[in-house]
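The values are calculated or read from the model by the stated rules, or taken from the named source; none is laboratory data. All values reported here derive from a predicted model rather than from experimental measurement. Cβ coordinates were reconstructed from backbone atoms using ideal geometry, including for glycine residues, and neighbour counts include every protein chain displayed. The protein model used for the area step is the full one, side chains on, heavy atoms only, and it has no ligands, DNA or RNA in it. Shrake-Rupley method; radii C 1.70, N 1.55, O 1.52, S 1.80 Å.
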Amino acid sequence: QLQLVESGGGLVQPGGSLRLSCAAASGFTLDYYHIGWFRQAPGKEREGVSCISSAGGSKNYGDSVRGRFTITRDNAKNTVYLQMNSLKPEDTGVYYCAAAPSSAPSSYDAVCGLGLGPGYWGQGTQVTVSS
């Protein structure tokens with residue numbers, strides 16, 4: 001079963017930047033998976049932040065992060081990145097990456113936070129934006 005590992009979270013001041021990484025555990029490849037980033041703030045529901053198709057040709061962003069966050073993937077390194085710039089306190093939360101096989105019906109919608117959820121999740125990484 002695919003295993004995902006997030007890293008790169010931390011404490012940053014408002015206006016600062018962080019880059020999150022989502023890597024496949026040893027022995028797994030992300031080549032055939034659409035990937036999404038989600039976040040959950042304390043007391044709030046989990047929300048989709050950004051998503052990218054398996055080949056990287058399609059990308060989508062939530063309204064609250066569009067223009068500030070950039071999702072990319074390097075399939076050679078088996079890693080998906082989320083570059084977060086101009087961070088705001090409301091970006092605080094646990095960030096999760098999730099994957100769905102590109103061969104599955106509606107899998108891109110799933111990693112973009114629409115319809116049924118993706119089948120594979122990482123353990124999450126904490127992002128705190130505070131002065």
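Overview of results
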| quantity | calculated |
| --- | --- |
| Qualifying aspartates and glutamates (Cα of each under 19 Å from Cα of Lys44; at least 8 residues distant if same chain) | Asp63, Glu90, Asp91 |
| For segment 1-36 versus segment 63-84, the gap between their alpha-carbon centres in whole angstrom | 9 Å |
| With all protein chains modelled, accessible area of Ile71 [1.4 Å, Å²] | 0 Å² |
| Accessible area (Å², 1.4 Å probe, nearest 10) - Arg46 | 120 Å² |
| Relative contact order for segment 1-57, counting Cα pairs under 8 Å that sit 6 or more residues apart, in percent | 27 percent |
| Within the chain, longest stretch free of exposed chymotrypsin sites (Phe, Trp or Tyr not before Pro) [DSSP loop, at most 16 other beta carbons within 10 Å] | 33-131 |
| Relative contact order computed over the chain (Cα-Cα under 8 Å; 6+ residues apart), in percent | 35 percent |
| In Å², nearest 10: area of Glu6 left accessible to a 1.4 Å probe | 10 Å² |
| The chain: calculated mean residue ellipticity at 222 nm from DSSP helix runs of at least 4, using -39500 (n - 2.57) | -500 deg cm²/dmol |
| Ellipsoid semi-axes in whole angstrom, largest first, where each is sqrt(5λ) of the Cα gyration tensor of segment 1-72 | 22, 16, 13 |
